[in-house]
Amino acid sequence: MSAVRRRFWTDVSVESAGAGFDVRLDGRPIRLPQGASLSVPTQALADAIAEEWRAIAPSCAFTPDDLPLTRIAGTMIERIAPAPDATRAALLQIGLNDLLCYRTDGAMGALQAARFDPWLGWFAPRGGRLATTNGILPVVQTDETRQAMTHLLTEQGVPRLAALGVAAQASGSLVLAMALVERVLTPEEALALASLDETEQLRIWGDDPHLADTIAGRGADLAAAARFAALS
């Protein structure tokens, strides 16, 4: 898809195709940027993607931002499925430098510890016990943690990797992304944790439209990732 297009179709349908489900416009497959057709593993996901396309008003301009599930599915099909280990490696780096590992001093640091430590504890049996630090220098994780996290990511299939990739990029945290796709955290709860520092800045300094937009965009990505994971 180009950056901006207009609705040109009348009908949106879902059809079974091999091991997946195609979303079609006027009976024709939707083609992704590299030429693959938009075909997903479950009918529930295909139906939700079809609803995104139906929601575009006739002759109305739209961008990929209006089609969040489609965008994740396209990434899954054309980027992740051919080389899933690349996504696993990227997620590993996010996890080893997880947002929840970094704290400031004083009252904010105490608030971060109170909010973040329970989720590091939740993650430990799955992906290893993460070390934390007060400051901005990179924290160094143990070999055992790296191995546990690598094993955890190896167990994730392609649809889950697609959802994790969006959630981890949005939040800066593999821990929050994993809790989100496992439905232990809601998108709203994950957003509150991922945006703790920005929310405190807004509370102290007042309105900042740019910062508010950043938080809103993060929330939209987390909601889309959670929905994609649930429907996959």
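The values are calculated or read from the model by the stated rules, or taken from the named source; none is laboratory data. These numbers come from a predicted model, not from an experiment. When we count neighbours, we look across all protein chains shown, and the Cβ atoms used for this are built from the backbone with ideal geometry, even at glycine.
Filter the range 12-26 down to the residues that are surrounded by 11 or more Cβ atoms within 10 Å (Cβ to Cβ) and either modelled with pLDDT of 90 or more or touching a Phe, Trp or Tyr at 6+ places or on another chain (Cβ under 6 Å) (or both) and list them by number. Correct list: Val12, Ser13, Val14, Glu15, Ser16, Gly20, Phe21, Asp22, Val23, Arg24, Leu25. Do the conditions hold for Ser232, that is, is it surrounded by 23 or more Cβ atoms within 10 Å (Cβ to Cβ) and among the polar types (S, T, N, Q)? When the stated conditions are applied, Ser232 does not pass them. Against the test of being more than 19 Å from the chain's Cα centre (by Cα), of a type in the set (Gly, Ala, Ser) and closer than 26 Å to Thr154 by Cβ, the options Ala50, Ala36, Ala55 yield a single qualifying residue, Ala36. For the range 58-80, the tally of residues that are out of contact with any Leu (no Cβ under 9 Å at 6 or more places or on another chain) and of a type in the set (A, V, I, L, M, F, W, C) stands at 5. Total residues in the range 33-50 satisfying the condition of being touching a residue at least 12 places away in the same chain (Cβ under 8 Å) and surrounded by fewer than 18 Cβ atoms within 10 Å (Cβ to Cβ): the figure is 9. Considering (1) modelled with pLDDT of 95 or more; (2) farther than 30 Å from Phe123 by Cβ, the lone condition that Ile72 does not fulfil carries the number (2). With the requirement that a residue be small (Gly, Ala, Ser) and either in contact (Cβ under 8 Å) with a residue 12 or more places away in the chain or touching a strand residue (DSSP E or B) at 6+ places or on another chain (Cβ under 6 Å) (or both), what does the range 73-112 give you? Correct list: Ala73, Gly74, Ala81, Ala90, Gly95, Gly109. Say whether the condition of being among the basic types (Lys, Arg), out of contact with any Leu (no Cβ under 8 Å at 6 or more places or on another chain) and in a loop (DSSP other than H, G, I, E, B) is met by at least one residue in the range 16-34. No, the conditions are met nowhere in the range 16-34. When the range 126-151 is limited to residues that are under 26 Å from Met108 (Cβ atoms) and of a type in the set (S, T, N, Q), the one that is modelled with the lowest pLDDT turns out to be Asn134. The set of residues from the range 80-102 being charged (D, E, K, R) and surrounded by 18 or more Cβ atoms within 10 Å (Cβ to Cβ) comprises Arg88, Asp98.
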